[in-house]
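This report concerns only the one structure given below.
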2 protein chains.
Amino acid sequence: MTTVGEALSALCTPALVVDVDKVKRNAQMMIERCQKLGVQLRPHMKTHKTLECADIMTGGSRRCIVVSTLAEACFYADHGFDDILYAYSLPFDKVERCAALSERLDLFQVLLDHPQALEQLKKRPLRDGRRWHTEGVELTGIYAHCGNTYNCRGVEQIQAVAQETTSFTLQFMEKLKAAGITCKSSIGSTPSCSHPVKDMAQLSEVHPGNYTFYDVQQSVIGSCSLEDVAVRVLTRVIGHCPHRNQLLIDCGWTGLSLDGAGKLPTGYAMIEGHPNLKLLSMTQEHGRVEPISGPLDYSKYPLGSLLTLIPYHSCATAMMHPVYHVHSGGRLLGKWTPTRGW
Amino acid sequence: MTTVGEALSALCTPALVVDVDKVKRNAQMMIERCQKLGVQLRPHMKTHKTLECADIMTGGSRRCIVVSTLAEACFYADHGFDDILYAYSLPFDKVERCAALSERLDLFQVLLDHPQALEQLKKRPLRDGRRWHTEGVELTGIYAHCGNTYNCRGVEQIQAVAQETTSFTLQFMEKLKAAGITCKSSIGSTPSCSHPVKDMAQLSEVHPGNYTFYDVQQSVIGSCSLEDVAVRVLTRVIGHCPHRNQLLIDCGWTGLSLDGAGKLPTGYAMIEGHPNLKLLSMTQEHGRVEPISGPLDYSKYPLGSLLTLIPYHSCATAMMHPVYHVHSGGRLLGKWTPTRGW
Ligand SMILES: Cc1ncc(COP(=O)(O)O)c(C=O)c1O
Ligand SMILES: Cc1ncc(COP(=O)(O)O)c(C=O)c1O
């Protein structure tokens, strides 16, 4: 068992470690960016699913968040969060649970993308004088995730997509207005909100999520620099395989997501401080590492020595871990426990 | 919340469901196969990591198991299991925890594959008159996993690899014997133990793990038929995308492992009863499904309707779920909760 104040090397591996100072800085920069722009930030919880990080992202207000599962919605509601937007096309099997949350919270928002979903809501009227904002039909707002920013490379491309999505959304709002409907608008991904365009000020809110952790993918896109990435998977060398010019590490696909296969020259992750190493493949509890070129100098990687993986996709890798180890400047501060399930 | 006796359709999706009758049958057949052969079965827990399934695999004895992580070892030890083999090259960061387990259990076995690992053990002598079986050096046994059976197609190829691994192992035992060392031998994968060869009777024990659940991969290899596969991921249709000839389902890579990408014509899984459907891609909480050929008949897949995924790799998919829903003949019996972490 590790104790507060110990070095990261005290951890058994594999372990997901979170640099809380980077998390706070990334969160603060997003808060300031949105303030400067004059748009409401509604941070998405899907990347970390913890209370602690949600507090950092909401500046302690515990209001105005997005979630990707109803399990997250319930978890945050149970801990005093409110104004929760469940960013998922209303699942017909979860109408009752959505209704219960609507009756319990000041504001719980669900997405509808089909007339049948509206039918489902109408079949389950809310109690205590509450009502779905649909009878009539009243639209609360429109929601779009500019997921196509993920194909961008560099700020210019990101801003072109951000501009396009914003313009489409604003034009659509105009059309709705012409038809007598005024409502809110919420868009945004981590790339577009890391490099917002001016017109986004005309939106009601933006909803990025990945930005507190960031990851290699975001640095490749251009949302952040590698230095901004706040999460790592610590792993140890557990085998030398000179006949294959490879190392074995104690991180397999239970500790690092398979997401990102084939995307990086360094394989499933980047190995910090070792740009010539590639995480070639993983089994349940093992990773195979080889040099991108040349023979491996095993004296640099003794059995038991630590290696640090920067994940390709932090949402997918955080999801593999039942607990995150939080540190400041390499000294352990404690643990964050995410919620799981649906 | 679902209650015992309800139909599977009462579950919110995505949900991992386990057919307990198939689990029991698969486990019983392995027990009988090993008895007939005259070899000790030491089942591996890595696929499910639950107490309930461990009880089924050990026939209730709670003795003689293999684990893939120290977290599993502790979990099983805490619940009265003993004679636990930790099938992992001794990780230098976990020597103290291994020693504690050795002092606590009647028998706890670790693997050594390097002289430095021996040094590590010697630095931590056991208390209470116990000792590592190494001073001297005494070898308890040798352990091999015929993982190369995973490249086989059909019983003949599986048995060729099983024979080869068995012969190598037995020859090695002979050499050890000639050098004055007698020890145990443990080999086996789910493919080789599903179709054992006679010579395996000369081994001390076999250690398959996946066989209680099986999966599409095992059926492709030839270890089992698709009917033997005991696990499914239930999912629901949540969107129609006629402009792309696709369906959206509520299972993404948090509910089904990305392992197996590119291996099946039906994508990341097989969709039971719909051989023409392909699970093309997944995001965190969405799956995209399209027909292998022809236009999609949306009337067959109404919004909210259930689809049943047969996972490519059950170890990897079970690992994504915080709870498994257990049923008999489609009626819910309860939940199994796996252990996680390292
Ligand atoms: C519906 C929805 N909203 C918001 C987000 C947050 O975007 P990002 O992950 O780029 O921060 C996502 C991310 O997948 C999303 O799917
Ligand atoms: C070391 C070890 N032993 C035993 C097994 C069990 O084999 P199977 O998964 O084929 O049942 C595995 C599986 O990966 C393993 O890695």
Starting at the first residue of the stretch B:72-82, write each ³J(HN,Hα) from the Karplus equation 6.51 cos²θ - 1.76 cosθ + 1.60 with θ = phi - 60°, in whole Hz, x for Gly and Pro. 4, 4, 5, 4, 5, 4, 4, 10, x, 7, 8
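Top to bottom by accessible area (1.4 Å), largest first, where do A:Ile292, A:Ile181 land?
A:Ile292, A:Ile181
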Estimate for me the total accessible surface buried between chains A and B (protein heavy atoms, probe 1.4 Å, no ligands or nucleic acids), in Å² to the nearest 100. 3400
Where does the protein assembly as shown land on the Kirkwood hydrodynamic radius, alpha-carbon pairs, in angstrom? 27.0
Shielding of A:140-152 by other chains, given as the mean Cβ count within 10 Å, works out to 0
Which of A:Lys46, A:Lys263 is most accessible, then next, and so on - probe 1.4 Å: A:Lys263, A:Lys46
Express the accessible area of the stretch A:226-336 per residue in Å², computed with a 1.4 Å probe while the remaining protein chains stay in the model. 36
Most to least accessible of B:Arg288, A:Arg124, B:Arg42 (protein chains only, probe 1.4 Å): B:Arg288, A:Arg124, B:Arg42
Output ³J(HN,Hα) for the stretch B:333-342: one whole-Hz value per residue in order, computed from phi by the Karplus curve 6.51 cos²θ - 1.76 cosθ + 1.60 with θ = phi - 60°, and x for Gly and Pro. 10, x, 10, 10, 10, x, 8, 9, x, 10
Sequence gap at least 6, Cα distance under 8 Å: using those rules, report the relative contact order of the stretch A:7-143 to the nearest whole percent. 15
Measuring from the longest principal axis of the C-alpha atoms of chain A, the long axis of helix A:95-104 (C-alpha) lies at a number of degrees, nearest 10, equal to 80
Rounded to the nearest 10 Å², the accessible area of A:Phe92 using a 1.4 Å probe with every protein chain kept is 50
Within the set of other residues whose C-beta is less than 10 Å from the C-beta of A:Tyr312, count the net charge using Lys and Arg as +1 and Asp and Glu as -1. -1
Going by the rotation axis that takes chain B to chain A, pick out the residue of B with the closest C-beta and quote the gap in whole Å. B:Leu258, 2
In the stretch A:226-336, what % of DSSP beta bridges are antiparallel (nearest 5)? 95
Output, in nm with one decimal and in ascending order, the distances from the B:Asn245 label point to the matching label points of the other copies (7 Å from Cα along Cα-to-Cβ). 4.4
Would you please give the residues with an amide H less than 5 Å from that of B:Ser281, counting only those at least 5 places away or on a separate chain, with H modeled from the backbone geometry? B:Arg288
Can you work out D for chain B in µm² s⁻¹ from Stokes-Einstein, where Rh is the Kirkwood radius over C-alpha pairs, the temperature is 37 °C and the viscosity is 0.692 mPa s? 152
Sum of side-chain charges, A:Gln171 neighbourhood, beta-carbon under 13 Å (Lys, Arg +1; Asp, Glu -1): -1
Inter-copy distances for A:Ser204, nm, shortest first, label points 7 Å along Cα→Cβ, are 6.8
With one decimal in nm and the nearest listed first, the spacings from B:Cys183 to its own position in the other copies, using label points 7 Å along Cα-to-Cβ, are 6.9
Quick check on the stretch A:226-336: what does the Kirkwood estimate of hydrodynamic radius come out to from the alpha carbon pairs, in Å? 14.3
So, taking all protein chains as they sit and a 1.4 Å probe, how much accessible area belongs to A:Trp342, in Å² rounded to tens? 50
Antiparallel content of DSSP bridges confined to the protein assembly as shown, in %, to 5: 60
Given a 1.4 angstrom probe, I'd like the percentage of the accessible area of chain A that is carbon and sulfur, rounded to a whole number. 53
With DNA, RNA and ligands ignored, accessible area of B:Asp259 (1.4 Å probe; Å², nearest 10): 40
Using only alpha carbons, build the gyration tensor for the stretch B:165-242 and give me the equivalent ellipsoid semi-axes, biggest first, whole Å. 41, 11, 10
What's the local net charge at B:Asp128, with K and R +1, D and E -1, over the other residues with C-beta under 11 Å away? +3
So how far, in whole Å, is the C-alpha centre of the stretch B:153-182 from the one of the stretch B:1-27? 40
Have a look at the stretch A:21-213 and give its Rg and Dmax from the Cα atoms, expressed in angstrom. 16.8, 50
If one compares the long axis through the Cα atoms of helix A:20-37 with the longest principal axis of the Cα atoms of chain A, the angle in degrees, nearest 10, works out at 30
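How large is the Kirkwood hydrodynamic radius of the stretch A:16-111, in angstrom, based on all distinct alpha carbon pairs?
14.0
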Give the angle, between 0 and 90 degrees and rounded to the nearest 10, that separates the Cα long axis of helix B:155-178 from the longest principal axis of the Cα atoms of chain B. 20
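The values are calculated or read from the model by the stated rules, or taken from the named source; none is laboratory data. Bear in mind the structure is a predicted one, so any value in this text is a computation, not a measurement. Please note: Cβ atoms are built from the backbone with ideal geometry, for glycine as well, and neighbour counts cover all protein chains shown. Keep in mind that these areas ignore ligands, DNA and RNA; they rest on the heavy atoms of the full protein, side chains included. Shrake-Rupley method; radii C 1.70, N 1.55, O 1.52, S 1.80 Å.
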